[in-house]
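The structure appears below as structure tokens.
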Amino acid sequence: MITNLTALQEQLLSKARSTNAQRAAETVYGGRDAVLRQTAMALLAGAELPEHESPPEATLQVLVGSVQLNGQDRHWQLTAGDVIPIPPERHSVRAEQDSVFLLTVRRSVE
């Protein structure tokens, strides 16, 4: 199945604008129990994903906008086109502008 990320980012931003949480997400690849999962997420300017645990491996790729990834005592400013491995520590994400990013996660296999 092909997913057009440009069309998806517009849909997610529109959906985020209609919610109190100022965010929206959709799974692009994989499911809840898959080892590899990709999720596109929209955050409106000022919205934040609160601090949470990191999965075993993950990357964050900004498709549009600008976000700040906050780790323990450090942070990274990311703009459209940037991709970063998420450090294996508690972290949060805050949108500096209306933004959409692709989160790729490898879950642990037990």
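From the helices alone, meaning DSSP H stretches of at least four residues, give me the mean residue ellipticity at 222 nm for the chain, per-run term -39500 (n - 2.57), in deg cm²/dmol to the nearest 500.
-3500 deg cm²/dmol
Based on the mean of other beta carbon atoms within 10 Å per residue, what is the order of 22-33, 37-48, most packed first?
37-48, 22-33
Using the heavy atoms of the protein chains and a 1.4 angstrom probe, tell me the accessible area per residue for segment 63-110 in square angstrom.
About 54 Å² of surface per residue is accessible.
Hey, any idea what % of the chain's accessible area is carbon plus sulfur with a 1.4 Å probe?
Of the solvent-accessible surface of the chain, carbon and sulfur hold 47 percent.
Between residue 29 and residue 107, what is the label-point separation in nm under the 7 Å Cα-to-beta-carbon projection?
1.7
For residue 97, what residues show an amide H to amide H distance below 5 Å, using hydrogens built from the backbone and excluding near sequence neighbours?
Close amide H contacts, sequence-distant or interchain: 46, 66.
Please name which of 31, 71, 14 has its Cα lying farthest along the dipole of segment 1-108 towards the positive end, using unit charges on Cβ (Lys, Arg +1; Asp, Glu -1) and the Cα centre as origin.
Working it through, the farthest residue towards the positive pole turns out to be 31.
With a cut-off of 8 Å between alpha carbons and a minimum separation of six or more residues, what is the relative contact order of the chain in percent?
Relative contact order for the chain comes out at 31 percent.
Could I have the simple spin-label model distance between residue 48 and residue 15, label points 7 Å from Cα toward Cβ, reported in nm to one decimal?
2.4
Consider just the alpha-carbon atoms of the chain and return their Rg together with their Dmax, both in angstrom.
Values for the chain (Cα only, Rg and Dmax): 13.3, 40 Å.
The values are calculated or read from the model by the stated rules, or taken from the named source; none is laboratory data. Since this is a predicted model, take the numbers as computed values, not measurements. Positions of Cβ are backbone-derived with ideal geometry, glycine not excepted, and every protein chain shown enters the neighbour counts. Protein only, heavy atoms only, side chains kept; ligands, DNA and RNA dropped before computing areas. Shrake-Rupley method; radii C 1.70, N 1.55, O 1.52, S 1.80 Å.
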